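S.K.: I am attaching a structure below and will ask some questions about it afterwards.
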Amino acid sequence: MLKPTVRRLVLHRRGSTVWDVDTERGHYAVKLGYPIAATAEWEAQDWTALAPAREGAVLLDVRTEGVSYGTWEHGTWNIQPWHEGASLYEQWQPHRTGEATEEPDLRDALACAQTLSDLHSKGWTHGDVQPAHFILGAHGAALIDLALAHGGAIPEPYTFPYRGCLVHYEAPEISRSVLATGQALPTPQADTYALGASLFISATGWRAVAYPDDASRAEQRQAVVDGPHRPVNVPGTLGKLIEQMLSPQPHDRPTPAEVCTVLRAELDSY
C-alpha cells in the first residue's frame, strides 16, 4: 500500500511491531499486532492482535488524516502519520541526570496537557497515558498509542476489555478495580492522574508510588491502592499541579484544561 522508500523497525515487543516508513506520499508509522503465546512467565493474550485495528478506529473517529487499518494473517495492522520529535521522558532527561540547571520547561508540560485536553474534548479517554506517549515536536505535543482509548464506538471485531495499563501511571481507582474484577473503565480523571505521574517521573526519575522493582503486577497495584504517593519534590507551580493531579480522590484532580489554564497564567507572568 505505501511503497516505502525507506523503512526502519523501531519497536519489536510481545504482541506488536512498529515501523518508521518513508514514502513519496509522506512519513508514516506502521503497526502490526499478533497474539502473545503463553509461556512459563505469562499467560496467552489475544487482545494484542486486535490493538492496531482498534487504535485505527479511534484515530479515524477523532479525525486524524492519513489513517487506515485492516487485518493480516496473524492479527491486525494500522497506518498513521509519523510524529517527529522526542518523548516527554527523553526531553526531560537532563533534569533526571542533574545536567539541567533550570526547572523543567513549563511549555512542554502545557503541550502535553493540551493534547490530552483536546482528546477529552472529542469524547475520548486515553487509558494509557505515559511519558513515552507524549511526542514533543516543533508544533507542540502529539499523544500516541490510542489502542486502549474509550469513549466512542469501536467495530465489534476489534473490541476487548480494558485491563489497566502500565502500573507506574495507573490511578488508584483503576488499580483497585483491576485487582477486584480483572478489568476497569478508564476515565478522564484517571488520565489526569497518569499525566501527573508522567510529569513526575520525567522530571525526577522516580515512580509516583514506591514499590520494589521486582514486584508482581498485583503487588504493584496494591501499592498504588494503599498509597501514599511519593512526596512531590518538583519545585514551583509544576510541583503544585502534580500534587493535585496525584490526588487519591478522582474528583479532587484538576482537568487537563484546568492544568493548561494554570500553566498559561504562569508562563504569561514571566
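The values are calculated or read from the model by the stated rules, or taken from the named source; none is laboratory data. Please read these numbers as outputs of a predicted model, since none were measured by experiment. Here the Cβ positions follow ideal geometry from the backbone for every residue, glycine too, while neighbour counts run over all protein chains shown.
Let's see how each residue does on (1) in a loop (DSSP other than H, G, I, E, B); (2) in contact with a helix residue (DSSP H, G or I) (Cβ under 8 Å, 6 or more places away or on another chain):
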site: 25; (1), (2): yes, no
site: 28; (1), (2): no, no
site: 31; (1), (2): no, yes
site: 56; (1), (2): no, no
site: 63; (1), (2): yes, no
site: 66; (1), (2): yes, no
site: 69; (1), (2): no, yes
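S.K.: Counting only residues that are modelled with pLDDT of 95 or more and more than 14 Å from residue 198 (Cβ to Cβ), which one in region 143-153 is surrounded by the fewest Cβ atoms within 10 Å (Cβ to Cβ)?
M.R.: Out of the qualifying residues, it is 150.
S.K.: Quick test of your reading of the structure: residue 164 fulfils all but one of (1) part of a loop (DSSP other than H, G, I, E, B); (2) touching a Cys at 6+ places or on another chain (Cβ under 6 Å); (3) among the small types (Gly, Ala, Ser). Name the failing condition by number.
M.R.: (2) is the only condition that residue 164 fails.
S.K.: Quick test of your reading of the structure: residue 63 fulfils all but one of (1) free of Cβ contacts under 8 Å to residues at least 60 places away in the same chain; (2) assigned by TED's automatic domain parsing to the domain that holds residue 264. Name the failing condition by number.
M.R.: Answer for residue 63: the failing condition is (2).
S.K.: For region 112-141, name all the residues that are hydrophobic (A, V, I, L, M, F, W, C), over 13 Å from residue 198 (Cα atoms) and either part of a strand (DSSP E or B) or modelled with pLDDT of 95 or more (or both). Give the steps one after another, and end with the answer.
M.R.: First, the residues of region 112-141 that are hydrophobic (A, V, I, L, M, F, W, C): 112-113, 116, 119, 124, 129, 132, 134-136, 138, 141.
Within this subset, residues satisfying the condition of being over 13 Å from residue 198 (Cα atoms) are 119, 124, 136, 138, 141.
Within region 112-141, 119, 124, 136, 141 qualify.
S.K.: Kindly evaluate residue 49 against the criterion of being surrounded by 22 or more Cβ atoms within 10 Å (Cβ to Cβ), out of contact with any helix residue (DSSP H, G or I) (no Cβ under 9 Å at 6 or more places or on another chain) and more than 19 Å from residue 256 (Cβ to Cβ).
M.R.: yes
S.K.: Answer yes if at least one residue in region 240-249 is among the hydroxyl-bearing types (Ser, Thr, Tyr) and buried (at least 17 other Cβ atoms within 10 Å of the Cβ), and no otherwise.
M.R.: yes
S.K.: Is it fair to say residue 186 is surrounded by 16 or more Cβ atoms within 10 Å (Cβ to Cβ), of a type outside the set (Val, Ile, Thr) and either at pLDDT below 95 or within 17 Å of the chain's Cα centre (by Cα) (or both)?
M.R.: Answer is yes for this residue.
S.K.: Name the one entry in 179, 136 that is in contact with a Cys (Cβ under 9 Å, 6 or more places away or on another chain) and surrounded by fewer than 24 Cβ atoms within 10 Å (Cβ to Cβ).
M.R.: Going through 179, 136 in turn, just one is in contact with a Cys (Cβ under 9 Å, 6 or more places away or on another chain) and surrounded by fewer than 24 Cβ atoms within 10 Å (Cβ to Cβ): 136.
S.K.: How do the pairs read when you match residues in region 33-46 that are of a type in the set (Asp, Glu) with residues anywhere that are surrounded by 11 or more Cβ atoms within 10 Å (Cβ to Cβ), using Cβ under 9 Å and keeping only pairs 6 or more apart or on different chains?
M.R.: Partner pairs satisfying both residue conditions: 43/36; 46/35; 46/36; 46/75; 46/160.
S.K.: Output the residues belonging to region 84-101 that are within 22 Å of residue 139 (Cβ to Cβ) and either assigned to a helix (DSSP H, G or I) or not hydroxyl-bearing (Ser, Thr, Tyr) (or both).
M.R.: Within region 84-101, 84, 85, 86, 88, 89, 90, 91, 92, 93 meet the criteria.
Results for (1) in contact (Cβ under 8 Å) with a residue 40 or more places away in the chain; (2) touching a Lys or Arg at 6+ places or on another chain (Cβ under 8 Å), shown as yes or no for each residue.
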residue: 142; (1), (2): yes, no
residue: 154; (1), (2): yes, yes
residue: 157; (1), (2): yes, no
residue: 166; (1), (2): no, no
residue: 171; (1), (2): yes, no
residue: 174; (1), (2): no, no
residue: 177; (1), (2): no, no
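S.K.: May I pose another question? Kindly indicate which of 103, 99 is charged (D, E, K, R) and free of Cβ contacts under 8 Å to residues at least 12 places away in the same chain.
M.R.: 99
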